[in-house]
Amino acid sequence: MVYYFHAELKETNEMTNTQTPPPELVQQWYDEARDLSLSTHTIEKLVATRAAQWGADQELEACCEWLHEAKNHGFGYDYGKELAHRFRSARRPKPPTLKQQALNALQRYISGETVLIDASIDTIRRALEQLPND
């Protein structure tokens, strides 16, 4: 028996796996990895990682869709849309911007937590280069 969640818990005998990427996409990942001239083991690991990420993304979107539709299932107002947005943001946080990375590096340096290493200096330089030349 397979159970899935959609408005309510339902039972089904149908075995569907929407977390398996299409063969064309897997082939694309293999081709991209081969272009990098990686070893077979590394290619397989890279493709497996991409497939796992793809499946997790599919599951996340299904959960967000269910949360978004929650207003129709007893929550009243459109709280489901807000829940879906918060859930997606928590599960897939956006990486810090270059500006935030530079500020974080400076903060750690000013607080004495670290010294400025080449990578930190490069981050600060790249952030400054993005500023307009007024």
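The values are calculated or read from the model by the stated rules, or taken from the named source; none is laboratory data. This structure is a prediction, so every number in the text was calculated from the model and none was measured. All Cβ positions, glycine included, derive from the backbone under ideal geometry; neighbour counts span all protein chains shown.
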* Structure fact -> Restricted to the range 14-36 and to residues being modelled with pLDDT under 85 and within 21 Å of the chain's Cα centre (by Cα), the residue surrounded by the most Cβ atoms within 10 Å (Cβ to Cβ) is GLN19
* May I ask you to list pairs of residues, at least six apart or on different chains, whose Cβ atoms are under 6 Å apart, with the first in the range 32-51 being of a type in the set (Lys, Arg) and the second being surrounded by 11 or more Cβ atoms within 10 Å (Cβ to Cβ)? => ARG50/TRP29
* **Members of the range 83-132 that are under 30 Å from LEU60 (Cα atoms) and among the basic types (Lys, Arg)** => ARG86, ARG88, ARG91, ARG92, LYS94, LYS99
* **Which listed residue, of TRP54, TRP29, TRP66, is among the aromatic types (Phe, Trp, Tyr) and in contact with a Lys or Arg (Cβ under 6 Å, 6 or more places away or on another chain)** => TRP29
* Looking at GLY112, GLY80, which is the one that is over 30 Å from PRO23 (Cβ atoms) and in contact with a His (Cβ under 8 Å, 6 or more places away or on another chain)? -> GLY80
* Asked: How many residues does the range 88-115 contain that are surrounded by 11 or more Cβ atoms within 10 Å (Cβ to Cβ) and either in contact with a Lys or Arg (Cβ under 9 Å, 6 or more places away or on another chain) or not in a loop (DSSP other than H, G, I, E, B) (or both)?
  -> 15
